[in-house]
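The next block holds one structure in the form of structure tokens; read it before the comments.
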Amino acid sequence: MKLITIIGARPQFIKAAAVSREIAKHKNIEEIIVHTGQHFDTNMSEIFFKQMEIPKPDYNLEINSLSHGAMTGRMIERIEEVLLNEQPDWVLVYGDTNSTIAGSLAAKKLHIKVAHVEAGLRSYNRNMPEEINRILTDKISDILFCPTDTAVRNLEHEGIGKNSLARIVKCGDVMQDAALLYSDLAQKLEMDIPKQFILATIHRAENTDDPKRLTSIFNALVEISNDIPIILPLHPRTKKIIENLKFKIENLKLVEPIGYLEIIYLLKNCSLVITDSGGLQKEAFFFGKPCVTLRDETEWVELVENGFNKIVGADENKIIFGYQEMSQIKKDYNINLYGNGEASKKIITELLK
């Protein structure tokens, strides 16, 4: 079986690392990796391949720094060339990026089967480009690999899987597979790490492109940093925006984008996570840390329902209150929400059927 994996962004590198390790156990599967180039900065891309021992991409399309439409269109064109050249049995896509929808559309136009890992997630916020990407990808996929019961129900409510055109499989979350695989390889940053600190990340366009929201978030972080240090790996795009807005952020420990193994180190050693990242909400749970999410909704509703995550949006007071509340909770994280590290194995088993 020939399988083409389409990846382009940090979360996809992490997910693909776990699945590619499982693929390598099967001599009857040939995997060809296509990197669209969506994340091209060394610390956002190359370092992940090196640290996580992901096979070097067979194709690097180097498509980035374009508008959503231009980027997606260019990706479809280039991915189609690869598919015509390689003639795979399956195209495997991950998550909800422009790389995801481009790979799916290119494959289906050529009548190649599509498997979508992390299918069925919904924020029900169609202003998010990611929401459009995941809905459209789910509609045209042949196998939908769902991480949770909620994701399965979302697809069923939309009528997906009720006919022979698509198959829904609850497999668990491949990001938990990766967390378990790489936990012991965590790497300390070359900086003084406080005994207690918060790990924070901000990158989502709804926050970084809205000066009012971003100002409110940073006001809250500065206030919280008077109580406990905050380490903030800063996305290049966010860094440029806050420099233009001239925030007073001297109390925050800003660092350049870091690799996955350094993120794991910070997750293992922090007291709490504050983020607008979808993946980091789960990773906080995997490492037993409470999370405060700087969004108005989340796809990972089971984390909120079970009290591991609090949604606070971009309201300064809610962020501070969320920190105060979540820093006091004592939770038992020994609950199987995401498959306990067996997702990759289930995915490959299904594809081989």
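The values are calculated or read from the model by the stated rules, or taken from the named source; none is laboratory data. Please read these numbers as outputs of a predicted model, since none were measured by experiment. Note: ideal-geometry Cβ built from the backbone for every residue, glycine included; neighbour counts use all protein chains shown.
Those residues that are hydroxyl-bearing (S, T, Y), at pLDDT 75 or above and assigned to a helix (DSSP H, G or I), I need them from the stretch 36-81; list them, please.
Of everything in the stretch 36-81, just one residue is hydroxyl-bearing (S, T, Y), at pLDDT 75 or above and assigned to a helix (DSSP H, G or I), namely T72.
What are the residues in the stretch 179-197 that are touching an Asp or Glu at 6+ places or on another chain (Cβ under 9 Å) and under 19 Å from G288 (Cα atoms), if any?
Residues satisfying the conditions are A179, A186, Q187, K188.
Quick check, is I54 under 25 Å from T201 (Cα atoms) and among the hydrophobic types (A, V, I, L, M, F, W, C)?
yes
Return the total of residues in the stretch 320-351 being among the β-branched types (V, I, T), surrounded by 14 or more Cβ atoms within 10 Å (Cβ to Cβ) and more than 30 Å from V93 (Cα to Cα).
1
Can you confirm whether the stretch 327-339 contains a residue that is small (G, A, S) and over 20 Å from the mean Cα position of the chain (by Cα)?
The answer is yes; a qualifying residue exists.
Suppose we filter T238, T201, T215 for residues that are hydroxyl-bearing (S, T, Y) and under 16 Å from V273 (Cβ atoms); which single one remains?
Only one candidate qualifies: T201.
Return only the number of the condition from (1) among the aliphatic types (A, V, I, L, M); (2) more than 23 Å from E342 (Cβ to Cβ); (3) crowded, with 24+ Cβ neighbours inside 10 Å that A17 does not satisfy.
Answer for A17: the failing condition is (2).
Determine which single condition I224 fails, assuming it passes every other condition in (1) at pLDDT below 80; (2) buried (at least 17 other Cβ atoms within 10 Å of the Cβ).
With (1) at pLDDT below 80; (2) buried (at least 17 other Cβ atoms within 10 Å of the Cβ) applied to I224, the lone miss is (1).
Scan D192, D184 and give me the residue that is of a type in the set (D, E, K, R) and closer than 22 Å to I14 by Cα.
Exactly one of D192, D184 is of a type in the set (D, E, K, R) and closer than 22 Å to I14 by Cα, namely D184.
Take A166 and decide whether it is over 20 Å from the mean Cα position of the chain (by Cα) and farther than 23 Å from K282 by Cβ.
Considered against the rule, which asks whether it is over 20 Å from the mean Cα position of the chain (by Cα) and farther than 23 Å from K282 by Cβ, A166 comes out as yes.
Assigned by TED's automatic domain parsing to the domain that holds K345 and farther than 21 Å from K346 by Cα: which single residue out of P129, P147 fits that description?
Result of the check over P129, P147: P129.
Filter the stretch 274-295 down to the residues that are farther than 13 Å from Y323 by Cβ and basic (K, R) and list them by number.
Selection gives K282, R295.
Of everything in the stretch 95-140 that's surrounded by fewer than 18 Cβ atoms within 10 Å (Cβ to Cβ) and on the phi > 0 side of the Ramachandran plot, which residue is nearest to the chain's Cα centre (by Cα)?
Y124
Conditions tested, residue by residue: (1) touching a residue at least 40 places away in the same chain (Cβ under 8 Å); (2) closer than 27 Å to L185 by Cβ; (3) surrounded by fewer than 16 Cβ atoms within 10 Å (Cβ to Cβ).
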position	(1), (2), (3)
R213	yes, no, no
L232	no, yes, no
F247	no, no, no
I264	yes, yes, no
D276	yes, yes, no
L280	yes, yes, no
E283	yes, yes, no
C291	no, yes, no
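Each row is one residue, and each column tells you yes or no for (1) at pLDDT 95 or above; (2) of a type in the set (D, E, K, R); (3) closer than 29 Å to V117 by Cα; (4) outside the structural domain of V117 (by TED's automatic domain parsing).
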{"residue": "N251", "(1), (2), (3), (4)": "no, no, no, yes"}
{"residue": "Y265", "(1), (2), (3), (4)": "yes, no, yes, yes"}
{"residue": "I274", "(1), (2), (3), (4)": "yes, no, yes, yes"}
{"residue": "S277", "(1), (2), (3), (4)": "no, no, yes, yes"}
{"residue": "F286", "(1), (2), (3), (4)": "yes, no, yes, yes"}
{"residue": "V312", "(1), (2), (3), (4)": "yes, no, yes, yes"}
{"residue": "N317", "(1), (2), (3), (4)": "yes, no, no, yes"}
{"residue": "A343", "(1), (2), (3), (4)": "yes, no, yes, no"}
{"residue": "K346", "(1), (2), (3), (4)": "yes, yes, yes, no"}
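Of the residues L181, L214, which is among the aliphatic types (A, V, I, L, M), assigned to a helix (DSSP H, G or I) and assigned by TED's automatic domain parsing to the domain that holds I249?
After applying the criteria, what remains is L214.
Kindly indicate whether K331 is assigned to a helix (DSSP H, G or I) and of a type in the set (D, E, K, R).
Judged against the criteria, K331 is not a match.
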